[in-house]
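The values are calculated or read from the model by the stated rules, or taken from the named source; none is laboratory data. Nothing here was measured: the structure is a model prediction, and the numbers come from that model. Note that each Cβ is placed from the backbone with ideal geometry, even for glycine, and that neighbours are counted across all protein chains shown. All accessible areas refer to the heavy atoms of the entire protein, side chains included, with ligands and DNA or RNA removed. Shrake-Rupley method; radii C 1.70, N 1.55, O 1.52, S 1.80 Å.
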Amino acid sequence: MFKPSFKPELLPFAAFFATIPLYSPNIVSFTNALGMASLALGCFVQAMLASAFVAGLGLAVASIGHAVDRVVAGRRTVVASCVLYLGGFAVLAADGLNGGTSRALEAGAGVSCGLGLIVLCCAWGMRFSALDIRTGLLHVATTCGIGSLVSFMLASLEGVPYLVSLFAIVLIGLTTPLASAWQRTALSDRDHADCAAGGSLGDRPSEDLPDDGRNSMEGKDVAFAADRELALALSPRQPHETIWQTLRRLSSVAAAPFVGFIVFAFTMSVRKFNLFGGYDIELLAGIVAPIVVLPLCFARTRRPFLSFTHQQFLPYAALALVICNSFPIGSVVQIASASLTYVFFAVVGVIALASLCAVVHAREFPATLVFGTMLSAFSLVSLVGIAASQLFPDQDAGPALLVISTVYFAGIILASIVALASQADVPVARKDDAQVPVESVLRSRCEAIARQSKLSPREAEILQYLGRGHNPTFVARTLVLSISTVRTHVRNIYRKINVSSQEELLALIDAQD
């Protein structure tokens, strides 16, 4: 049973989320509070999204062939990003107080914010990636809900009071990335000093070292997170693997949350609805979504958690919205369904963000590849959504958004049906279910085999799932790894233990004293 353990140091993410200009309600509140024209907003937003797209894409590409996680998480990079981020906000605020007449300043402020945002988002992602999927979803949902509430309250302020409150909240949102970078850099420097003095890094227990199938990596190339819960991956490339094969392997793990995240970006940028005279409906959706998501953290299911959320919870919710959207336009049910659609996409965004953090938590891919790809795609799709909103009047944007939402709903429902029909998560049957050892005995037997066969930490972890009778697909979905990587680990396990099938492995485990 899931036992929640909340980390207070992650609470400042609520402040970061409440002010991040990539989330459209925040920047709309900024311009409304200062009375800036829509043209000034457009110059800032387009420059910010364009620079974020280029920076995120460049970071993702660089991470495929080089170990850039350490550089991005380092003290100098994070400090420089904070300066760019704060500087962009300050320039935009100064221009807004002067009437918002300098397009060059607005564009420059957008570029500065966009470049700083990429590193700061990666830094926050690395912090959340130290958590398992349920704990990560708990923290993401809670902090995003608090952030939406803070943003809702900020939207009621104007002028100087708004700016003072905004910059105070921005500074709070930067405290955790700065503290993590300081601690991580100090720890990394000490590790390098230990290696130079005599290689004490190699004396650490194996569970402290990152295991992504390449246990022969040299200790001097390993960078440790400040809390030692997250080891930054070096490179996602496997031997003799092309870049496209790497990306295909990544898509096999992150396709569902990735698609959900970019659909969320499009719907939030293509059309705006106001509530109570001046509040975006996205703010209300951001407050309601965590209330829907939090019970999921405690849901009891025998299927892998991400499979449960993407193949059962979201498809059922989408099916309900499709039925409600089929009612006549203007009816009470249809109007309520249109509002709940924004809540649904906010739920999708929260689950997708936690899922992508879980992908990084598995340590198969570096954080910069996952988050850089996500942020670049988010920025590009947001630009497309803004362009689409300018091409169509409001009376045409509503039906178009309904069509796009329905297509997405149908897609996730169809994908769920196909996945459930494949029965990929059904455990392999054992010869005699009465002989299946209880969990504690099974764990001790697998640990004994792992020690005797000198399995790596990841292989030992996979061995326990195989010992329960699960197939590689189930293991991949549970540990958020690509199926090809799990199969490679399984082959290595069989070779080291000297068995040729899972049936022989189960017999070996049952025969352990």
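Backbone phi angles across region 20-30, fed through the Karplus curve with coefficients 6.51, -1.76 and 1.60 (θ = phi - 60°), yield HN-Hα couplings of 4, x, 5, 8, 4, x, 5, 6, 5, 4, 4 Hz in residue order; Gly and Pro are listed as x. One decimal place: the segment HIS66-TRP244 gains 62.5 nm when fully extended, by the rule 0.36 nm per residue minus the C-alpha distance. According to the Cα-based calculation, Rg over Rh for region 87-151 is 1.17, with Rh computed by the Kirkwood formula. In the full protein context, region 459-500 carries 38 Å² of accessible surface per residue, based on a 1.4 Å probe and ignoring ligands, DNA and RNA. In a DSSP loop and with at most 15 other Cβ atoms within 10 Å, the trypsin sites (Lys or Arg not before Pro) in region 292-389 are ARG300, ARG302.
Nonpolar atom fraction for region 320-361, defined as the carbon and sulfur part of the 1.4 Å probe accessible area, stands at 83 percent.
Averaged per residue, what accessible surface does region 82-133 expose to a 1.4 Å probe, in Å²? Accessible area per residue, region 82-133: 30 Å².
Multiplying the residue separation of ILE417 and SER5 by 0.36 nm and subtracting their alpha-carbon distance yields 144.9 nm. If R₀ is 51 angstrom, what is the calculated FRET efficiency for the pair LYS454 and VAL384, using the beta carbon separation as r and rounding to 0.05? The pair LYS454/VAL384 has a calculated efficiency of 0.50. For trypsin sites (Lys or Arg not before Pro), the sites in region 437-473 that DSSP calls loop and that have at most 15 other Cβ atoms within 10 Å are LYS454.
Modelled spin-label separation between VAL332 and ALA168, with each label point placed 7 Å from Cα along the Cα-to-Cβ direction: 4.3 nm.
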